[in-house]
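Q: Got a structure here, written out as structure tokens. Questions coming.
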Amino acid sequence: MTKLTAGLIAIMITGGMLSATPAQADNGIEVDYLGTNNTLVRVTGDSRYLLMPVQDNNDDARINVIVDGKIDKTIFVKLAKSKVDYKVPLDLSGYKGHDVVLNIITSQNRSTVREAKEDACWKNFSLSDSFDTTNREKYRPAYHHTPLYGWMNDPNGMFYKDGEWHLYYQWNPYGSKWQNMTWGHSSSKDLINWEHHPAAIEPNGLGSVFSGSSVVDKENTAGFGKDAIVSLYTSADASQVQSLAHSSDNGMTFDIYPGNPVITLESEARDPNMFWDAANNRWVLTLAHALDHEMLFFTSPDLREWTLQSSFGKGIGAQDGVWECPDLFPLKVDGSDKEKWVLLCNINPGGPFGGSATQYFIGDFDGTTFKADTDTQGNIPTKWMDFGKDHYATVSFSDAPDGRRTLIGWMSNWQYAGEVPTLQFRSANTLPRDASLFTAPDGQIYLASAPSPEVDMLRDKAVRKVSSISAGATARSYSIPPLCEIDLEINPRKAATVDITLSNGNGEKVGMTYDVKAATLSFDRRQSGITDFSQDFPAVTAAPVLTADNRLSLRIFIDRSSVEVFEKEGRLAMTNLVFPTSPYDRISISTGKGKAEIKNFTVYPLSIK
Ligand code: FRU
């Protein structure tokens with residue numbers, strides 16, 4: 001038995017938990033049952049990982065990881081009660097040569113210790129030098145960013161520097177449901193191939209680490225060094241306050257600023273998003289004043305001291321949910337010199353099809369105040385960036401090259417994100433998108449989001465190219481590979497509706513309908529495959545078609561558990577998850593009545609190179 005440190009004995013005695021139950025010794029793991037809901041797991045030896053058994057739908061156990069008698073961290077893990085769904089690794093490499101004890105408080109009410117001993121977890125802890133992260137789950141995307149394991153929500157803190165895109169994300173390293181919020185980290189040279197790195201910012205003194213943003217401090221305004229990466233994130237515990245962390249190794253590791261928090265408010269506020277305002281020579285930060293349904297704007301000379309300047313949003317736009325994850329950036333309109341500002345304002349719930357969605361406003365920002373454009377009736381219109389159910393928390397990269405505004409969203413919805421039928425990981429990010437502004441036929445300016453140019457390199461040689469198809473009431477049907485991009489141009493001619501159906505041999509299908517008169521494209525996933533894990537999942541979503549004439553050029557991206565539909569220029573984006581029991585292997589095209597012409601129908605298999 002490992003020699004207990006004085007500190008640990010003190011903890012055990014003061015807690016009155018010392019137990020006479022003999023420890024179970026098994027290959028370097030010893031279990032001491034202390035009481036009905038308290039157990040110690042003691043680890044010896046030099047293994048790299050302690051693998052902890054998880055039951056996905058169980059309650060969280062609170063685990064204090066005690067190293068040489070001191071609490072190193074506290075984590076929450078759904079330790080298995082009746083069955084082990086998967087294991088999560090606790091990295092022991094930093095604890096070599098030290099005594100490691102897990103002081104575990106399980107939440108189940110037990111009447112006897114004997115009952116507690118029967119929990120499946122105790123005999124299933126194991127030690128290992130490796131942890132298998134092989135991408136083999138059926139619904140694990142083949143070409144979208146996912147965490148290697150564990151739960152992910154918002155992409156955040158993203159920046160570009162020295163040829164690399166850095167993507168941080170809300171991560172639970174200890175399970176596939178939301179918990180233990182940590183900044184996970186991946187980087188890429190091409191926005192498609194992602195390299196996974198150790199956690200960048202872990203829960204610390206002020207709480208867990210919610211969403212935020214990063215900037216490259218080119219002029220060393222903050223004093224952490226020229227070109228330091230400075231990140232602001234929300235520290236979330238009993239309150240939400242804004243904290244600073246900085247990195248001098250291009251975002252691989254961060255130091256937590258001792259002067260935290262840098263912004264405090266008396267009500268819930270989160271997801272600080274910063275940029276350098278060259279015109280006014282200072283930083284601007286947008287903060288979601290979540291429950292007040294507004295965004296707050298702050299300025300700072302040095303990223304440490306922030307002054308509240310103004311707010312936007314009270315009573316404006318969709319107000320049915322909390323306002324979260326803002327972003328504010330300028331873009332040129334219609335490729336001209338005219339500039340407008342875009343304020344992204346993710347809201348949850350209250351999206352057009354229930355749950356989470358990305359609302360935005362177009363307007364002007366003078367360095368202090370955001371003023372939204374109105375429509376011809378003088379109202380500020382509510383606009384949506386994507387008309388699927390699975391596009392949320394979308395924000396852009398700081399410092400993207402060539403004046404690009406590149407964004408990534410979380411491809412899920414808080415209504416059911418924790419219930420989707422995956423296990424070792426949960427949630428992927430959307431394809432990267434490049435934003436631009438265009439004037440639609442209604443005279444309003446809208447945000448276009450088209451697949452980033454890098455997405456094209458996923459294409460293999462086209463397996464089908466048809467220059468013209470005459471589509472009528474009898475469906476024309478073609479086989480498609482499981483991972484593919486389908487491009488087509490619809491000229492509706494006399495047809496009132498054009499239907500595009502993806503299907504498999506199990507009778508599962510996704511139906512997309514272009515309603516020419518209504519100028520909408522709908523997406524019906526009610527029979528798309530597995531849909532019964534949540535009553536909010538089966539749904540029909542619909543996007544306005546904002547093209548100048550009634551022709552519609554589409555790009556459809558199919559991955560293992562998602563379909564993203566774009567108008568070629570990004571004037572329409574619709575992102576939806578699907579869980580077909582076998583991949584869709586056919587596309588059928590038909591019209592309600594009358595003939596339509598489908599031009600340049602092309603099918604590209606997609607693969608990571
Ligand atoms: C949005 C959000 C953010 C918060 C984060 C916590 O999805 O609720 O507002 O920072 O998730 O994980």
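The values are calculated or read from the model by the stated rules, or taken from the named source; none is laboratory data. Remember, it's a predicted structure, so these values are computed and weren't measured experimentally. In this analysis, Cβ positions are derived from the backbone assuming ideal geometry, glycine residues included, and neighbour counts consider all displayed protein chains. Ligands, DNA and RNA are stripped out before the accessible areas are found, and what is left, the full protein with its side chains, is counted by its heavy atoms. Shrake-Rupley method; radii C 1.70, N 1.55, O 1.52, S 1.80 Å.
Q: Could you rank Trp178, Trp183 by how accessible they are, 1.4 Å probe, largest area first?
A: So the residues, ranked largest to smallest area, are Trp178, Trp183.
Q: Quickly rank 538-546, 153-161 as a protection proxy: mean count of other C-beta atoms within 10 Å, highest first.
A: Put in order of decreasing packing, that is 153-161, 538-546.
Q: Another question about this same structure. Evaluate Rg over Rh across the range 515-562, taking Cα atoms for both radii and Kirkwood's formula for Rh. Please list the in-between numbers first.
A: On the way: Rg = 13.5 Å, Rh = 12.8 Å.
Dividing the radius of gyration by the Kirkwood radius yields 1.06.
Q: Considering only protein heavy atoms and a 1.4 Å probe, what is the carbon-and-sulfur percentage of the accessible area of the chain?
A: Summing carbon and sulfur atoms, their accessible area is 47 percent of the total for the chain.
Q: Rounded to the nearest 500 deg cm²/dmol, what is the calculated helix-only ellipticity per residue at 222 nm for the chain, with -39500 (n - 2.57) per DSSP H run of length n ≥ 4? Write down the numbers at each step before the final one.
A: Values: 2 runs with 14 residues, N = 609.
For the chain, the value works out to -500 deg cm²/dmol.
Q: How large is the accessible surface per residue of the range 388-439, computed with a 1.4 Å probe and reported in Å² as a whole number?
A: Roughly 22 Å² per residue, with all protein chains present.
Q: Quick check: pseudo-label points 7 Å beyond the Cα along Cα→Cβ at Ser248 and Lys189, how many nm apart are they?
A: In this crude spin-label approximation the distance works out to 2.7 nm.
Q: OK, next. Beta carbons within 10 angstrom, averaged per residue: use that to sort the peptides 68-77, 131-140, highest first.
A: 68-77, 131-140
Q: Give me the accessible area per residue for the range 116-269, probe 1.4 Å, as a whole number in Å². Kindly include the intermediate steps, with their values, before the conclusion.
A: Values: 5650 Å² over 154 residues.
I get 37 Å² per residue for the range 116-269.
Q: OK, next. Any chance you could look up the accessible area of Thr439 with a 1.4 Å probe, heavy atoms only, rounded to 10 Å²?
A: Thr439 has an accessible surface of roughly 60 Å² with all protein chains in place.
Q: Would you please classify the overall shape of the range 54-171 from the alpha carbon gyration tensor, given that a ≥ b ≥ c denote the square roots of the eigenvalues, rounded means a/c under 1.5, and beyond that prolate means a/b larger than b/c while oblate covers the rest? Write out the running numbers ahead of the final one.
A: On the way: a/c = 2.16, a/b = 1.56, b/c = 1.39.
Since a/c reaches 1.5 and a/b is larger than b/c, the shape of the range 54-171 is classed as prolate.
Q: Can you list the HN-Hα couplings for the range 183-192, worked out from phi with the Karplus curve (6.51, -1.76, 1.60; θ = phi - 60°), rounded to whole Hz and with x for Gly and Pro?
A: 7, x, 9, 9, 9, 8, 8, 9, 6, 10
Q: What are the extents of the Cα atoms of the chain along their three principal axes, listed from largest to smallest and rounded to whole Å?
A: Sorted from largest, the Cα extents of the chain read 84, 60, 41 Å.
Q: By average Cβ neighbour count within 10 Å, what is the ranking of 567-574, 283-290 from highest down?
A: 283-290, 567-574
Q: Let me ask something additional. For the range 373-411 and the range 420-493, compute the distance between their C-alpha centroids and round to whole Å.
A: 18
Q: Considering only protein heavy atoms, what per residue accessible area in square angstrom results for the range 481-603 with a 1.4 angstrom probe?
A: With the other protein chains kept in place, the range 481-603 gives 37 Å² per residue.
Q: Please identify every one of the trypsin sites (Lys or Arg not before Pro) in the range 402-463 that sits in a loop by DSSP and has no more than 14 other beta carbons within 10 Å of its own beta carbon. Please report the intermediate quantities before stating the final value.
A: Working: sites: Arg404, Arg405, Arg426, Arg433, Arg459, Lys461; in loops: Arg404, Arg405, Lys461.
Hits after loop and neighbour filter: Lys461.
Q: Using Cα pairs closer than 8 Å and at least 6 residues apart in sequence, work out the relative contact order for the chain, in percent.
A: 10
Q: With a/c under 1.5 counting as rounded, go ahead and sort the range 59-123 into rounded, prolate or oblate using the C-alpha gyration tensor (a ≥ b ≥ c being the square roots of the eigenvalues; past the cut-off, prolate if a/b is larger than b/c, else oblate).
A: Prolate.
Q: Right, another one. Given R₀ = 35 Å, FRET efficiency for Thr374-Ala519 by Cβ-Cβ distance, to 0.05?
A: FRET efficiency, Thr374 to Ala519: 0.95.
Q: Provide the per-residue ³J(HN,Hα) series for the range 147-159, in order, calculated from phi with Karplus coefficients 6.51, -1.76, 1.60 and θ = phi - 60°, each as a whole number of Hz, with x at glycine and proline positions.
A: x, 4, 7, x, 7, 9, 10, 2, x, 7, x, 7, 8
Q: Estimate the FRET efficiency between Asn135 and His197 by the formula 1/(1 + (r/R0)^6), using the beta-carbon distance for r and 22 Å for R0, to the nearest 0.05.
A: About 0.85, to the nearest 0.05.
Q: Take the alpha-carbon centre of the range 90-129, take the same for the range 249-272, and report the distance between them in whole Å.
A: One Cα centre to the other: 32 Å.
Q: Sticking with this one: Setting aside same-chain residues fewer than 8 positions from Lys465, which lysines have a Cα under 27 Å from its Cα?
A: Output for Lys465: Lys494, Lys509, Lys568, Lys593, Lys595, Lys599, Lys609.
Q: Under 5 Å between amide hydrogens, which residues at least 5 positions from Phe387 or on another chain qualify, with H placed 1.01 Å from N in the peptide plane?
A: Ala573, Met574, Thr575
Q: Then there's this: What FRET efficiency do you get for Lys465 and Asp442 if R0 is 35 Å and r is their Cβ-Cβ distance, rounded to the nearest 0.05?
A: That pair, Lys465 with Asp442, gives E of 0.50.
Q: So how far, in whole Å, is the C-alpha centre of the range 572-609 from the one of the range 44-88?
A: A separation of 43 Å, based on Cα centres.
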